[in-house]
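The values are calculated or read from the model by the stated rules, or taken from the named source; none is laboratory data. Please read these numbers as outputs of a predicted model, since none were measured by experiment. Cβ placement follows ideal geometry from the backbone for every residue including glycine, while neighbour counts extend to all protein chains displayed. For the accessible areas, the whole protein counts, side chains as well, though only heavy atoms, and no ligand, DNA or RNA atoms are used. Shrake-Rupley method; radii C 1.70, N 1.55, O 1.52, S 1.80 Å.
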Amino acid sequence: MGFDAELNQTTKNDDLDIELGGISDENIPVATQRILSITGVLNVNFPLKNDSSRVQISYDKNQIDPYSLYQKIQSIGYKVNPKLENISQAYLRIQGMHCNSCVMNITQTIEDLPGIHSIKVSFDDESANVLFDSNIIKLSNIIKEIEKLDFQVAMSTKNDEDKNKDHMDSSNTPLLPAENTRQSSPSKPFQSISINDETETCFVSITGMTCASCVDSIQRNLSKVEGINSVRVALLAHKAEIKYNPEYIIPSQIAYLINELGFRAEILDTVEQSVDIIDLHIENMTCSSCVRKIETSIGKLHGVQSAEVALLTHRGRFKYDPSQIGPRDIIHELDSIGFPASLVTEDSKTTNLAKIHRKETRRWRNSFLLAALFGIPAMIIMMAFMFKWKNHEEAPQVIRGLSVENLIMFLLSTPVQWISGRYFYIQAYKALKHGSANMDVLIVMATTTAYVYSCIVVLFNITQRLPSPITFFDVPPMLMMFVALGRWLEHIAKGKTSDALTKLLSLQPPQGTLVQLDEKTNTIIEEKIILAKLIQRNDVLKVVPGETIPTDARVIQGTSTCDESLITGEAMPVEKMIGSQVVGGTKNLNGMLLIRATHVGHETALKQIIKLVEEAQTSKAPIQALADKIAGYFVPVIVGFSGVTLICWIIIGYTQYDKIEKYSMYHHSMMGHQSGKEPSRMEVILELAFRFAITVLSIACPCALGLATPTAVMVGTGVGASQGILVKGGEPLEAAQKIRTIVFDKTGTITQGKPTVVDTRLFIPNDPYWTLKRMLAIAGAAESGSEHPLGKAVRAHCKGHFGCEQFGHCEDFNAIWGYGLSAKVNGIESLVNKINGSGDNISLNDKTYSVLIGNREWMERNNMNVTNEIDAAMAKHEHDGHTAVLIAVDSTIIGMIAIADRIKPTAPLTIFALQSMGLNVLLVTGDNVKTARAIAAQVGIKNVYAEVLPTQKERFIATLKENSRNGDKVAMVGDGVNDSPALARADVGIAVGTGADVAVEAANIVLIRDALEDVLGAILLSKTTVRRIRFNFLFAVIYNLIGIPIAAGVFLPLGISLMPWMASAAMALSSVSVVMSSLLLRNFRKPNIQKYDNQEFILWSMNKGKNINVHRGIDDLERTPNGSFISSLRGSRLAQILSGAVSAVKQQASSSLYDKQKAALLLNTHSLDDETELQVVT
């Protein structure tokens, strides 16, 4: 039967009856085979036909134990629910939890272990209560699993155990095995890409990650699963790339595992089923009418879902259903309407824009030179005949009806009309063929009307033997010349709008020096130059002084300084040492570096910045929608207006001939003084009517309207990028200037995000032996074995103080989490003597100190008395939100070290500047009320919301948006990690200090430098850019509103009129003026924050700690319905005027109040603390 081996070893076998999750009835045979493949498993049986969850497993106890068997089963994707019989209880202390996500991470990880009944983790108490089956899993295994999550774990002390037991007894937690009722979350579909025959990749968007612990949890747990080859999780981008073998596991099982870890896997937002995206380079676009034509024509095609076209970058992005239409169909349609298109490849995206600008610039330069070859002589001849022969009849004539002037002008006009004008005719024909009209239509109509009219009147006068008429042969060459000149200058100027992007592109390093190190000596044994595209992760590269760093990397050897100005906007060189991160594209100034590549290819910061700038410059600001709408109707309206002008002047000519005759060119040529040779009435009327109609066509310019917004957006985003401010498009650029409420996160945004020593104090005065240096040397040596954040802060402070890495020898190190540490320290005397010099007459080189470092409770538990003086010193720091740590040596408390998360140096100035602009500044944090109040008092924020969970921050922002007045915007400023939901919810999300991690998807504005004042710079950049957009738009509108009536002869009675060639020059100048106006944005510079350090700031600083309202949670956040009277006043212009008036009064009074308040503060140093008493709104 094949079971002999199994029967012969029954004494060594055992059976398990367990429940499995993740198996369907159809997959029972596959599950059986996969479980049987585990070493030591002898037999697998599903006893019930319709129950795939219950399974009986026989196994060899000599080869595998129950816990390992359960782990193996879970590693192949099946959830194990064993029967628990021998329940034990353990109490643990866990150090290192930063948020509720850490609690969830620990809970989910331990609950998934075989043999765990339940675990309760307390964030506040930093403890855990675990119920488990000791026959299945050992306590050491539980501790080991928690430590893998980068937390410190220790068995709880007896007092804590009794406390936890009381808590457990009060909670009536049953110690019996309970049925697992958790259900797997329904998984969403994944985007799968075939890599090869055995491996596939799925890209997942994961929500719920708040810190590096979450990333580690996902990567560690998924990496254990059989069939998963690699897991890469990006915290800031909230994405994961998972490579797996479909023969072992499928995406639905991966989704189940991620959901079981407490997160949520969703399909990527940018991936749409049955929708493809194609990027095309589009030629021959001249104005916004072309953009509208392309978007409407392609948008009407069956299967095309959206069409977005950017005029300045000559790029179009089209979303389409590949089952209904293909990319070739879209390209063919673009060609048919007169806009040749080509596919954008990854390599050409960064270089094609410059090529297009060069090609277009050359085309219009050549066109201008050809037109000028005929246009300039035409202008000279026209002026010469006008001044030499004022009487037109006296000018030399070839034959009756054809003067020499008209013949020469005809010969100069014809080549321009049909050679230089060929391009305009082709474009106009294609536009009219598809029912649209653009700038080319206006030019063709103006030149054709002038040319054809002139030919007709000359032929008519020749046939009728009449004097040579006045013609408009000068219009085609001069109009073509001025249009070509305008387009040439316009393209030169438009090329400069992308200077910032060009500079970024030029930073891309072409190559790097790859080296191979000797494993024993770490010396270079081989080096070769390779292309930057061929650099792989973990490659070791050599960078010599003056060389460009080829990719993002970490320094492993050497020290130097790097110029990062074009990446971060930081003018001063940045020091680099071992462990420092370097950014690809920056320049190494001095010192040879060996670096290890961390990000390569499209992952590098430079590539990410270029991508963001490209996308921003191709996006449209909301205000552009109005310009596009106007452009769609502009040309037809102008053509109609020109026709109306022609008809009106013909009517006026026949009804008011005596009044308008003097304005005719015939009148100025004095022909009217020759008796019997006066021009006919019709000649005079038609000359006036056609002149004004042609002038209307010549002066109208939709290009100025179309260029008003995109040129400013392109220059603004480029200038921002060059100064470390990445604005993701025109929409946030426009929205930022409407910000009225700005919310700051605390940790990592207002503060530096890492604890540092802020104060040191000795409690043994006048003792020459116990000096501050000796205390710091002892503390640094004792903390050398600590991984606690506070211990690291003490160690870092001591390193900076002594300038060395080693302080002495530490032994018998023992840390009790939540209390402190004990250790024995020796070998510090040489360091103290070196610092003190030879004058130190006490030298006990071998003296060993018994050291205790910790809080009050730790000192009291070790029978040490905390005096009132010591308690008062600690209380003062605790009132300011600091952590006070006592240091005891040989049973005597000798000193204290205060540790805090310091505020950023420019935080108060930045808050003052924002408040001076009339913004409502709020602080939201998950910290306790006392710490939140202390930080707010230091930076001057009056409204604080403390103890706000990360999940509540998003709801807080949503409520603020509901309360805001229509048009006012709410901004959220954070670090882009655990506040991503709030950044995404805000009207404008600003991520600060991202460094090389610029791909913060939740943020609309990314600030590369960790400088809070850049928030002010971003808002001022928005205000400056939008102000320039409005100026451009206003100029274009006024130009057309004033220029067109003048061209139509409306102001002729006042003696104001234009000739067609003058109108064409004005039209060309208008477009160039708009682009040049936008280029003025290149002069924008971020404000120097120190300019706000004035007398008004000093007065503000004296009162910044007063009247602080600290709210516990967000439940009491006021809700003002939109549309109410209070809501309409909030943020209104009236409120801004009143705020400005109050500020002015304060400034005038500041000079007199300053000395008084300063004197008061000097006389009573405690008054400020009394006035800043905490106001908690509950």
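For N43, the conditions (1) at pLDDT 80 or above; (2) open to solvent by 60 Å² or more (accessible area, probe 1.4 Å) are fulfilled apart from (2). Looking across the stretch 890-906, just one residue is of a type in the set (A, V, I, L, M) and touching a Gly at 6+ places or on another chain (Cβ under 9 Å), and that is A900. Which of the following residues is over 20 Å from G1113 (Cβ atoms), open to solvent by 40 Å² or more (accessible area, probe 1.4 Å) and under 24 Å from the mean Cα position of the chain (by Cα): K961, K969? That would be K969, the only listed residue that is over 20 Å from G1113 (Cβ atoms), open to solvent by 40 Å² or more (accessible area, probe 1.4 Å) and under 24 Å from the mean Cα position of the chain (by Cα). Close Cβ contacts (under 7 Å, 6 or more residues apart or on different chains) running from residues in the stretch 454-476 that are within 9 Å of M409 (Cβ to Cβ) and among the small types (G, A, S) to residues that are assigned to a loop (DSSP other than H, G, I, E, B) and open to solvent by less than 30 Å² (accessible area, probe 1.4 Å) comprise S454/T471; S454/F472; S454/F473. Of the residues that make up the stretch 796-806, is at least one touching a residue at least 12 places away in the same chain (Cβ under 8 Å) and open to solvent by less than 10 Å² (accessible area, probe 1.4 Å)? For the stretch 796-806, residues touching a residue at least 12 places away in the same chain (Cβ under 8 Å) and open to solvent by less than 10 Å² (accessible area, probe 1.4 Å): present. Entry remark, the stretch 1070-1097: residues being part of a helix (DSSP H, G or I) and either over 30 Å from T695 (Cβ atoms) or out of contact with any Cys (no Cβ under 9 Å at 6 or more places or on another chain) (or both) number 18 in total. Number of residues in the stretch 1079-1122 that are modelled with pLDDT of 85 or more and hydroxyl-bearing (S, T, Y): the value is 2. Can you tell me which residue is most open to solvent (accessible area, probe 1.4 Å) among those in the stretch 381-422 that are modelled with pLDDT under 85 and of a type in the set (G, A, S)? For the stretch 381-422, the residue satisfying everything is A384.
Determine whether the stretch 144-158 contains at least one residue that is modelled with pLDDT under 70, under 30 Å from P246 (Cα atoms), open to solvent by 80 Å² or more (accessible area, probe 1.4 Å) and under 35 Å from the mean Cα position of the chain (by Cα).
Within the stretch 144-158 (the criterion being modelled with pLDDT under 70, under 30 Å from P246 (Cα atoms), open to solvent by 80 Å² or more (accessible area, probe 1.4 Å) and under 35 Å from the mean Cα position of the chain (by Cα)), the answer is no, since none of the residues qualifies.
Within the stretch 479-579, considering only strands (runs of 3 or more DSSP E) that don't extend past its boundaries, which have at least 2 residues that are among the polar types (S, T, N, Q), surrounded by fewer than 18 Cβ atoms within 10 Å (Cβ to Cβ) and at pLDDT 85 or above?
511-517
Of the helices (runs of 4 or more DSSP H) contained entirely in the stretch 862-966, those carrying at least 2 residues that are in the same structural domain as V743 (by the TED database) fall at 907-916, 929-939, 950-963. Here E198 meets the list (1) surrounded by fewer than 20 Cβ atoms within 10 Å (Cβ to Cβ); (2) modelled with pLDDT of 70 or more; (3) not hydrophobic (A, V, I, L, M, F, W, C) almost entirely, failing just condition (2). Going by what's in this entry, would S1057 be described as at pLDDT below 85, among the small types (G, A, S), touching a Gly at 6+ places or on another chain (Cβ under 8 Å) and over 23 Å from L646 (Cβ atoms)? The answer is no for S1057. Among the conditions (1) open to solvent by 10 Å² or more (accessible area, probe 1.4 Å); (2) assigned to a helix (DSSP H, G or I); (3) farther than 15 Å from V1015 by Cα, the only one that A782 does not satisfy is (1). Under the condition of being assigned to a helix (DSSP H, G or I) and free of Cβ contacts under 8 Å to residues at least 40 places away in the same chain, which residue from the stretch 119-158 is nearest to Y70 (Cα to Cα)? Once the filter is applied, the top-ranked residue is E145.
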